[in-house]
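Below is one structure, written out as structure tokens; the observations come after it.
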Amino acid sequence: MAVLTIRDALNEALREEILRDENVFVMGEEVAEYDGAYKVTRGLWKEFGDKRVVDTPITELGFAAVGVGAAMAGLRPVIEFMTWNFSILASDQIINHAAKMLYMSGGQFKVPIVFRGPNGSAFQVSSQHSQALEAFYANFPGLKVVMPSTAADAKGLLKSSIRDDNPVIFLEQERMYGLKGEVPEGDDFIIPLGLADIKREGTDCTIVARSMTVPLALQAAEKIQAEFDVSVEVVDPRTIKPLDIDTIVGSVQKTNRLVIAEESHEFASVGAEITYQVMDRAFDHLDAPIKRVSTAETPMPYAKNLEAAALPSVEKIIAAVKDVCYL
Amino acid sequence: MPKTATSTKKVSAKAGLNGSAAKTTQSVKANGSSADDGSYFDLELAKAEYAARRDSQLRSIKTIDKKLLREMLYQMVLGRRFEEKCAEVYRMGKIGGFCHLYIGQEAIAIGSMMALEPSDMVITAYRDHVQAMVKGLSPESVLAELYGKEGGCVKGKGGSMHMFSQEHQFYGGHGIVGGQIGVGTGLGYAAKYKATGQVVLCFFGEAAVNQGIFHESLNMAQLWKLPVIYICENNHYGMGTSQERAMSIRNIAKKAESYGMANEFVDGMDVMAVREATLRAIDRARNESMPTLLEVRAYRYMGHSMSDPGNYRTRDEIARYQERDPILLFKDTLKAAKVLSDKEFDKIEQEAAAAVERAVEFAENSPYPSESELLTDVLV
């Protein structure tokens with residue numbers, strides 16, 4: 001297996017899918033000549049040219065719409081948002097158009113499109129550039145929502161997303177682009193959407209984490225193991241919608257305790273949804289109330305210490321695990 | 001791009017002969033705001049220009065296939081009678097939700113769409129019943145959709161605002177003002193990407209021009225040379241707000257020049273003028289892969305939707321526009337050109353009335369969708 005950064009794993013996925021299907025093209029701000037604002041598309045324009053890798057004006061609503069129309073007419077656009085914060089300008093096209101088209105056309109017009117880019121906080125980029133939008137997009141029927149946390153998942157899930165016939169919201173994390181991991185070789189490596197992955201097996205407490213909170217949860221699990229001899233299982237749903245609730249419930253039935261770690265704000269979050277579904281499916285298995293670790297209910301501050309205080313951390317996750325384990 | 005600039009100039013000059021766009025002057029008021037002069041809306045000017053081009057129009061109409069002319073008139077009459085029936089059955093509670101009628105604007109859909117090849121793509125806003133039928137959807141499938149029945153073109157899932165047909169390359173039926181302008185731009189992007197030779201007709205109302213997506217779309221279409229024909233159906237009112245209360249510069253065709261795009265102002269009460277302008281735009285789209293903005297001026301006789309109280313305009317205003325009714329004008333032209341007789345007009349009326357009755361019967365008898373349909377078509 002090759003060891004790749006998440007950035008390069010995504011780049012490989014794009015390259016392989018462009019090669020595999022002539023209808024796949026990548027479009028967005030600075031994706032071509034600039035090589036991508038975060039270098040996810042590095043080298044693709046030089047290799048494939050203007051037709052397959054398309055720089056756009058700064059016109060998020062406009063190029064999202066071009067993607068939706070092109071997908072309706074048979075292409076497979078991969079639309080990059082430089083960050084998901086900018087997708088809010090394009091949300092009319094994502095929510096009112098892409099998500100609705102199949103249904104309101106009575107099943108006639110599918111929209112096989114991937115919207116992708118970094119989601120959540122970065123490094124002190126403050127209020128308008130730090131939002132985690134998975135709960136927002138997961139609330140709308142007609143969209144799939146994907147959040148990889150490793151290089152292998154990033155590659156396998158992006159390839160599946162591009163081949164999927166539905167609009168897919170593919171949420172990466174800027175802080176994680178440089179994280180390295182083993183990635184299976186071969187251009188037929190894909191990971192089906194809708195399957196959770198148990199990132200660490202354990203018996204005493206489950207942490208459901210996604211994207212940036214997965215490495216935090218794994219570190220927390222190691223420390224808790226060492227300090228308290230508590231065995232933590234880390235479940236990464238990988239796809240938020242459709243959600244693999246069976247794997248999460250199965251883990252809770254084994255450990256009887258659940259902590260949810262997420263980068264989004266807690267009000268009406270994906271964690272809130274998982275909490276409900278676990279309560280509905282496994283209430284009698286819970287030995288303690290479910291705890292969540294989320295981002296503070298405030299716009300993201302700039303100051304380094306305040307930003308750290310707002311975000312989930314290894315320490316906050318350890319504290320939550322201790323709470324549910326009555327330690 | 002000198003080539004673009006030249007062709008834009010040429011088209012603009014042509015628009016001056018055909019419409020009043022080139023005659024518009026911008027006056028700067030004392031308070032510094034600029035506005036069009038009143039003549040831009042002048043019905044008398046429209047009448048004069050119509051009279052001026054009538055002789056040449058009558059000559060050219062004789063060169064057009066009589067069957068096509070008859071079909072154009074039939075589609076206009078069918079569209080009118082269909083929408084009148086919608087109003088009637090809406091009041092009887094047969095149709096739910098919103099219902100936006102096309103009465104008064106028929107020359108735009110018929111004049112432009114009947115200049116297309118069947119494989120060309122069409123997308124429009126929520127005032128979509130007539131466009132859907134001109135593109136080939138049966139009146140039965142459109143009315144059944146309005147009834148929310150299983151036999152509707154989208155199985156009762158869309159209703160009045162969301163007619164679609166993959167078979168007929170009709171891409172909807174969209175309810176967010178201006179949203180389809182961007183989607184239509186994407187359809188053109190796909191046509192160019194795949195080199196299919198298709199062109200796109202993308203319809204929207206004049207109020208959509210104030211949305212950002214209009215400007216974003218025109219910019220991209222010209223930048224990327226997309227075969228899209230943007231047809232602004234200027235019916236004077238965005239719901240109950242007149243264009244003059246909503247738009248700082250009312251000359252919509254000229255807005256294309258901000259993007260270096262070819263444009264024309266067209267009399268939307270004259271179906272042949274719409275056809276000719278669209279043919280020029282189709283030629284530009286198909287052969288040069290270049291977009292065009294057509295501002296087609298018509299008038300909405302009915303309210304914005306069936307729930308519109310209409311207190312923002314007078315009956316007299318409506319009556320003045322109805323003097324230039326597009327069906328009356330076209331009938332008069334066909335008669336003057338000795339293409340169709342009164343007897344044939346009567347026959348067209350009878351055929352349209354019969355088609356509407358068949359649609360009513362079909363819609364009435366079509367079952368409601370099965371409840372099992374609720375959760376289908378959310379994801380593929």
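The values are calculated or read from the model by the stated rules, or taken from the named source; none is laboratory data. Small disclaimer: the values here were computed from a predicted structure and weren't measured. Counting neighbours? That spans all protein chains shown, and the Cβs are built from the backbone with ideal geometry, glycine included. Each accessible area value is taken on the protein alone, full model and side chains, heavy atoms only, with ligands, DNA and RNA left out. Shrake-Rupley method; radii C 1.70, N 1.55, O 1.52, S 1.80 Å.
Listing for the model above:
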| item | result |
| --- | --- |
| 222 nm mean residue ellipticity, helices alone, for chain B (DSSP H n ≥ 4; -39,500 (n - 2.57); rounded to 500) | -15000 deg cm²/dmol |
| Value of [θ]222 nm, deg cm²/dmol, for chain A, DSSP H segments ≥ 4, -39500 (n - 2.57) each, nearest 500 | -11000 deg cm²/dmol |
| Mean-position separation - Cα centroids, the stretch B:94-136 and the stretch B:181-205, in angstrom | 17 Å |
| Point-charge dipole on Cβ atoms (K/R +1, D/E -1) for chain B, about Cα centre, debye to 20 | 1160 debye |
| Cut-off under 5 Å, modelled amide H: who pairs with B:G238 long-range | B:Q243 |
| Spatially proximal lysines relative to A:K316 (Cα-Cα < 20 Å; intrachain offsets below 8 disregarded) | A:K199, A:K223, A:K291, A:K304 |
| Heavy-atom accessible area ranking, 1.4 Å probe, most first, across B:L69, B:L379 | B:L379, B:L69 |
| Residue-wise HN-Hα coupling along the stretch A:247-254, computed from phi with Karplus coefficients 6.51, -1.76, 1.60 (Hz; x: Gly, Pro) | 5, 5, 4, x, 5, 5, 5, 7 |
| Accessible solvent surface per residue of the stretch A:2-183, calculated while the other protein chains remain in place, 1.4 angstrom probe, Å² | 30 Å² |
| Cα-based shape type of the protein assembly as shown, given that a ≥ b ≥ c are square roots of the gyration tensor eigenvalues and the cut on a/c is 1.5 | prolate |
| The protein assembly as shown, accessible surface, carbon-and-sulfur percent (1.4 angstrom probe) | 53 percent |
| Cα shape, the stretch B:250-349, gyration tensor, a/c 1.5 rule | oblate |
| Efficiency of FRET from Cβ geometry, B:T196 and A:I58, R₀ 35 Å, rounded to 0.05 | 0.75 |
| Drop in accessible area of at least 50 Å² in the complex versus isolated chain, residues of the stretch B:180-213, 1.4 Å probe | B:V183, B:Y189, B:Y193, B:K194 |
| Solvent exposure of the stretch A:197-324 as accessible area per residue, Å², 1.4 Å probe | 43 Å² |
| Lys/Arg +1, Asp/Glu -1 at C-beta; the stretch A:2-183 dipole; positive extreme among A:G67, A:G106, A:F136 | A:G106 |
| Relative contact order (%) - criterion: Cα under 8 Å, at least six apart; region: chain A | 16 percent |
| Pairwise label distance in nanometres, A:F123 with A:N305, each label 7 Å out on the Cα-Cβ vector | 2.1 nm |
| For A:V293, residues with placed amide H under 5 Å, excluding near neighbours | A:I260, A:A261, A:E262 |
| Threshold 40 Å², the stretch A:86-108 residues less accessible with all protein chains present than alone (1.4 Å probe) | A:H97, A:L102, A:Y103, A:M104, A:G106, A:Q108 |
| Set of aspartates and glutamates near A:K46 by C-alpha distance (under 19 Å), chain-local residues within fewer than 8 positions excluded | A:D8, A:E12, A:E16, A:E17, A:D21, A:E22, A:E29, A:E30, A:E33, A:D35, A:D55, A:E80 |
| Integer Hz, Karplus 6.51/-1.76/1.60 couplings in order for the stretch B:235-248, x for Gly and Pro | 9, 6, 10, x, 6, x, 9, 5, 4, 5, 8, 10, 10, 5 |
| Potential extension, B:E361-B:T63 segment - 0.36 nm per residue separation minus Cα distance | 103.4 nm |
| Partner chain coverage, peptide A:19-30 - average Cβ within 10 angstrom | 1 |
| Partner chain coverage, peptide B:152-162 - average Cβ within 10 angstrom | 3 |
| Protein accessible surface hidden between B and A, which excludes ligands and nucleic acids, total in Å², probe 1.4 Å | 3300 Å² |
| Cross-link pairs A:K39/A:K180; A:K39/B:K225; A:K159/B:K155 - those with Cα-Cα distance over 24 Å | A:K39/B:K225; A:K159/B:K155 |
| For B:G173, residues with placed amide H under 5 Å, excluding near neighbours | B:T124, B:A125, B:M163 |
| Accessible area per residue in Å² at 1.4 Å probe, computed on the stretch B:294-380 | 56 Å² |
| Relative contact order of chain B, pairs being alpha-carbon contacts under 8 Å that are 6 or more residues apart, as % | 22 percent |
| Cross-link table B:K47/B:K338; B:K94/B:K338; B:K157/B:K331, entries beyond 31 Å C-alpha to C-alpha | B:K94/B:K338; B:K157/B:K331 |
| Distance from the stretch A:1-53 to the stretch A:235-313 (C-alpha centre basis), Å | 32 Å |
